[in-house]
Amino acid sequence: KRGGLDASFFAVYLGQGPRNPESHEAAKKRALGIFDAINTTLKNTSELAELATTPDDAYRIGKSGKRVIFLGVENGYAMGHDLPMLQKFYDLGTRYMTLCHSSNNDICDSSTNPKGAEYQGLSLLGEQVVKEMNRLGMMVDVSHVSDSTFYDVIRLSKVPIIASHSGAKAICNHPRNLTDDMLKALAKNGGVIQLNLLSDYIKTIPPSPEREAALKGLYEKYSIKDRRGMMTLPEAEQQKARAEFMELNKKYPIQLATVKDAIDHIDHIVKLIGIGYVGMGADFDGGGALADCFDVSQYENMTIELVRRGYSKKDIEKIWSGNFFRVMKAVEKGKTREVSLR
């Protein structure tokens, strides 16, 4: 309420785990458990929030004074090799799926896998996944995927795609961000890039020797190479490592990028491909935070900076929801009714 946020995507998120039949089954169960937890929460807070699956739902729910909750699945690992799980996810309310996370999975290559590419893009399973998502009317999310995967998806998808939380590589040279050529391809596809507010993706921050030493000690303690390694730990250890990481952040606070740095990304994207293809996907619960927009309650600072730079009310409405809803409608309209080939 404080930030004026009407609608938010709740992510059914799974870190990348082992890639074998037993682990894939366990991942599917974990994902369904998260859906159950979200449904329980929504039932217990029905006077405050309601699930939506379309923009029309969102406008209706918003008029009632409730917060609007959409659902997405982050990391296709959650479906294993089971294509019918996509129908299950859709029926539970999912309207987008991020194909992978910080590491390669059986669907595609990730932009940040330490060992590099396996498929040079989508795997054969990944091609089936994209086609099935198109059929269902589920948005394909290319945040986290490798550049070659991005281009495979662009080539294959019959409808616009999304980058749910990414930035412009020309402004911050991070593998999670999109190059100018990728942004142009996204616009030609009719898709949208939602700006991630994770500081490392917004601006290259000078290193802190004290913080680096503390991080090294933490990683050695849990026998991992970097922060992404936390995602591969067993759940109990992962929680402990994350708690220690948060304490480390308090003791050795990282220098964060600012709202002005973030809007530089939007300026660049708008100048390159136009106002119709950019939105906001802060990823606050996934590490997103700026010095002057640390959580959703400070979202107004983003709008204030946009106004300061001359963006119109219509432009700002497109950034906050209009462009994303346009894609959402196009994907729903473009879905097909025939039975998918398995």
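Quick notes on this structure:
- Qualifying residue in region 132-145 (condition: in contact with a His (Cβ under 7 Å, 6 or more places away or on another chain), polar (S, T, N, Q) and buried (at least 21 other Cβ atoms within 10 Å of the Cβ)): yes
- Residue satisfying all of: in region 292-309; open to solvent by 40 Å² or more (accessible area, probe 1.4 Å), at pLDDT 95 or above and of a type in the set (A, V, I, L, M); farthest from VAL270 (Cα to Cα) among these: ILE304
- Any strands (runs of 3 or more DSSP E) falling wholly within region 1-104 and containing at least 2 residues that are open to solvent by 50 Å² or more (accessible area, probe 1.4 Å): 7-13, 49-51
- Cβ pairs under 8 Å, 6+ apart, first in region 205-218 and under 14 Å from ASN249 (Cα atoms), second open to solvent by less than 40 Å² (accessible area, probe 1.4 Å): ARG211/LEU248; ALA214/LEU248; LEU215/LEU248; LEU218/ALA241; LEU218/PHE245; LEU218/LEU248
- Residues satisfying the stated conditions in region 255-288, i.e. within 30 Å of GLU210 (Cβ to Cβ), of a type outside the set (A, V, I, L, M) and open to solvent by less than 50 Å² (accessible area, probe 1.4 Å): THR258, ASP261, HIS265, ASP283, PHE284, GLY286, GLY287, GLY288
- Taken together, the residues in region 310-342 that are at pLDDT 95 or above, open to solvent by 70 Å² or more (accessible area, probe 1.4 Å) and over 17 Å from ALA163 (Cα atoms) amount to 4.
- For the residues LEU218, LEU233, the requirement of being of a type in the set (A, V, I, L, M, F, W, C), under 16 Å from GLY287 (Cβ atoms) and surrounded by 15 or more Cβ atoms within 10 Å (Cβ to Cβ) singles out LEU218.
- Of all residues in region 236-253 being surrounded by 14 or more Cβ atoms within 10 Å (Cβ to Cβ) and among the aliphatic types (A, V, I, L, M), the one that is farthest from LEU306 (Cα to Cα): ALA241
- The set of residues in region 180-193 being surrounded by fewer than 24 Cβ atoms within 10 Å (Cβ to Cβ) and in contact with a helix residue (DSSP H, G or I) (Cβ under 7 Å, 6 or more places away or on another chain) consists of ASP180, MET182, LYS184, ALA185, ALA187, ASN189, GLY190.
The values are calculated or read from the model by the stated rules, or taken from the named source; none is laboratory data. What you see is a predicted model, and the numbers here were worked out from it, not measured in a lab. Because the Cβ atoms are built from the backbone with ideal geometry, glycine has one as well, and the counts that use them run over all protein chains shown. For accessibility, only protein heavy atoms count, side chains too; no ligands or nucleic acids. Shrake-Rupley method; radii C 1.70, N 1.55, O 1.52, S 1.80 Å.
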